[in-house]
Amino acid sequence: MKARECAREGEVLQALYAGTLEGGLAGHAAACAVCREAVAVTRALWEAAPMEGEPPAAGLIWRRAELAARRELIEKSLAPIGVLEKAAAVVAVAAVVVASQWITTMPWWVLAGIPAVAFPAAGLLYLARKA
Ligand SMILES: [Zn+2]
């Protein structure tokens, strides 16, 4: 398939956007199949979605597309982390439920021993870190 290009297509579209498609350039746009199609497509798009002023610069569109692609890549790469965070939350809730069930099966002297060991140990740790 032969590539359809015209060196004056950009010039024709710029004139169309500016509203100055006249004279020889308008004659070229009418005679050249590539430019005629570009003008017809542009006018059809304007009718479908009217636009005020000139279209945004190509560089701006390119940068926005790059940012959107980068954002999409970041979201795609962070998705597994979100799944793992939800799984970790479920595991943490399950661990609390299991621990609360397990602690009720302990004899009273074990439960009484936990603060008897934990509070002095916490106090010693506090003093050790302060020193
Ligand atoms: Zn042309």
Query raised in the report: Just checking, which of Ala31, Ala44 is within 16 Å of the ligand (Cβ to nearest atom), of a type outside the set (D, E, K, R) and out of contact with any helix residue (DSSP H, G or I) (no Cβ under 8 Å at 6 or more places or on another chain)?
Result: Ala31
Report task. Tell me, please, whether a residue that is at pLDDT 90 or above and either farther than 20 Å from Arg8 by Cα or in a loop (DSSP other than H, G, I, E, B) (or both) can be found in region 34-43. Result -> no
**Report entry** Near pairs, Cβ below 7 angstrom, 6+ apart or cross-chain, from region 11-33 (more than 17 Å from Met51 (Cα to Cα)) to any residue that is charged (D, E, K, R)
**Finding:** Leu25/Glu11; His28/Arg8; Ala29/Arg36; Ala30/Arg36
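Considering each residue of region 98-108, count those that are of a type in the set (Val, Ile, Thr) and loosely packed, with under 10 Cβ neighbours inside 10 Å, and give that number.
The qualifying residues number 2.
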Query raised in the report: Checking Glu52 against (1) part of a helix (DSSP H, G or I); (2) more than 16 Å from the ligand (Cβ to nearest atom), which single condition isn't satisfied?
Result: (1)
Requested in this report: Look at Gly23 and say whether it is within 16 Å of the ligand (Cβ to nearest atom), at positive phi and of a type outside the set (Lys, Arg).
Outcome: yes
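The values are calculated or read from the model by the stated rules, or taken from the named source; none is laboratory data. Computed from a predicted model, the values in this text were never measured in an experiment. Methodologically, a virtual Cβ is constructed for each residue, glycine included, from the backbone with ideal geometry; neighbour enumeration extends over all protein chains shown.
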